[in-house]
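The values are calculated or read from the model by the stated rules, or taken from the named source; none is laboratory data. Only a predicted model underlies this, so the values are computations on that prediction, with no experimental measurement involved. Note that each Cβ is placed from the backbone with ideal geometry, even for glycine, and that neighbours are counted across all protein chains shown. The accessibility values were calculated without ligands, DNA or RNA, using every heavy atom of the protein model including side chains. Shrake-Rupley method; radii C 1.70, N 1.55, O 1.52, S 1.80 Å.
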Amino acid sequence: MHLINMAKQSIRSLKTIYPWTSTPLIVGAPMKSITGPPMAIAVSSAGGFGFIGPGEKPEDLEAHLTKASELFSQSSNLSSADGVLPIGIGIQTWTGDLNITTKILKDRKLGPAAAWLFAPRHGQGELDEWTRAIRNISPQTRVWIQVASVADAVAAARSKDRPDVLVVQGTDAGGHSRTKGAGIITLLPEVSDALSTIEGGSDIPLVAAGGLMDSRGVSAVFALGASGAAMGTRCLATKEAQINPGYQKAVLDAWDGGQTTVRTQLYNHLRGTLGWPEAFDARGIVNQSWRDHESGVTFEENQKLYKQAMKTGPDGWGAENGRMATYAGTGVGLVKEVKGAADVVVEVRKGVDGVLGAVVEGLRET
Ligand SMILES: Cc1cc2nc3c(=O)[nH]c(=O)nc-3n(C[C@H](O)[C@H](O)[C@H](O)COP(=O)(O)O)c2cc1C
């Protein structure tokens, strides 16, 4: 009960800081260029918390914020954001540019409500530097940090520049995470217990991520003590996702993700993305590139074939003949339909009440 009571306070404080959100809080995770302003605003307008991904380069933030402000001003149900743009921005600090980012944030009339930091090359020190700079230039922007281990969560909580929110990412997550990971069902309570031993640590709201595709998984993480639930892979199959139709089809077609996705750096390297911090790799759907790699095809040959596949449009994706990076989590088999992002948020949020109510009722009856 201790865990849940701690979460109750955090849930209340999140609702106070972010008045447009409804509980239970559903978060649209930042996903590189796939989650643009339309997705972020759609999620927030449904009472969730939408994040814009880091884009292809740090300069993209300017256009993204301008577009998001435009969409915000047109949105009828997002008027109560209390002087902030009611969305967040995702930053991968290892590849981010602090000067460019702070310059863009400095010039904004409405700053984003949150900055979600992820994947530092130099650990907590790098995250601290970003946190200080963001708070200095845009005080209304709260700092969220995504971690995938208890040690990283403890380091964040012990920092004098501790984050406002910690996103705890289980190993089922699609896209990048720590190579070595744990499922959210053990990671979240262990993080929560560890934080409760640090002064003020239990005041940091925890948002769970990794494997949350529908109201069943989301209900489970609230039972574990989360104050919010972040969804990535589920949002790949939304109308607002800026995604190639071939990629989206591969997500809908995939099933049994524990067997049909893999954590690897191979796809990063094939597409020419080099330099990810060593502790990280990415989870994606197994396709011909991976099978060729496993059967001993040289990297050079595999990359040549990858580049050819890039020219084939949607046909470049697909578990059977596709070759393109198709980042998605183990929960991919639960994603069966493309919907509007707002519909996903409302459906999941409403579903949580039903699932938790039915569980309690079922337990009482037995
Ligand atoms: C295609 C894809 C791209 C992602 N890009 C980012 C990113 O740019 N920054 C980030 O912090 N997390 C990124 N993530 C990870 C998400 O933040 C989140 O941890 C994950 O999607 C949650 O697990 P799920 O995919 O099972 O919902 C990405 C995930 C996916 C699937």
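Of all residues in region 89-106, those satisfying the criterion of being part of a helix (DSSP H, G or I) and either over 15 Å from residue 135 (Cα atoms) or among the β-branched types (Val, Ile, Thr) (or both) are 100, 101, 102, 104. In this entry, residue 258 is excluded by the filter for residues that are within 14 Å of the ligand (Cβ to nearest atom), among the small types (Gly, Ala, Ser), modelled with pLDDT of 95 or more and within 17 Å of the chain's Cα centre (by Cα).
Over 23 Å from residue 348 (Cβ atoms), under 18 Å from the mean Cα position of the chain (by Cα) and among the acidic types (Asp, Glu) - does that describe any residue in region 164-177? Within region 164-177, one or more residues are over 23 Å from residue 348 (Cβ atoms), under 18 Å from the mean Cα position of the chain (by Cα) and among the acidic types (Asp, Glu).
Residue-wise test of (1) in contact with a strand residue (DSSP E or B) (Cβ under 6 Å, 6 or more places away or on another chain); (2) of a type in the set (Phe, Trp, Tyr).
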site	(1), (2)
13	no, no
17	no, no
49	yes, yes
68	yes, no
71	no, no
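Just one of (1) within 16 Å of the ligand (Cβ to nearest atom); (2) not in a helix (DSSP H, G or I) fails for residue 86. It is (1). Name the pairs: first residue in region 18-30 and farther than 24 Å from residue 242 by Cβ, second residue assigned to a loop (DSSP other than H, G, I, E, B) and of a type outside the set (Gly, Ala, Ser), Cβ to Cβ under 7 Å, at least 6 apart or on different chains? Pairs that qualify, where the first residue is farther than 24 Å from residue 242 by Cβ and the partner is assigned to a loop (DSSP other than H, G, I, E, B) and of a type outside the set (Gly, Ala, Ser), are 19/82.
Residues in region 343-359 that are open to solvent by 70 Å² or more (accessible area, probe 1.4 Å) and free of Cβ contacts under 8 Å to residues at least 40 places away in the same chain: 353 alone.
Six or more apart or on different chains, Cβ under 6 Å: which pairs go from a residue in region 274-299 that's over 30 Å from residue 124 (Cβ atoms) and in contact (Cβ under 8 Å) with a residue 40 or more places away in the chain to one that's of a type outside the set (Asp, Glu) and open to solvent by less than 80 Å² (accessible area, probe 1.4 Å)? Could you list them? What qualifies is 285/250; 285/254; 285/261; 285/319; 285/326; 285/328. Being within 16 Å of the ligand (Cβ to nearest atom), open to solvent by 40 Å² or more (accessible area, probe 1.4 Å), under 30 Å from residue 103 (Cα atoms) and modelled with pLDDT of 95 or more is a description that applies to residue 152. Tell me yes or no: at least one residue of region 163-175 is closer than 27 Å to residue 338 by Cβ and in contact with a Leu (Cβ under 7 Å, 6 or more places away or on another chain). Within region 163-175 (the criterion being closer than 27 Å to residue 338 by Cβ and in contact with a Leu (Cβ under 7 Å, 6 or more places away or on another chain)), the answer is yes, since at least one residue qualifies.
Summed over region 107-147, residues that are outside any loop (DSSP other than H, G, I, E, B), on the phi > 0 side of the Ramachandran plot and within 15 Å of the ligand (Cβ to nearest atom) total 0. Inside region 126-146, residues that are open to solvent by 50 Å² or more (accessible area, probe 1.4 Å) and farther than 23 Å from residue 31 by Cβ make up a count of 7.
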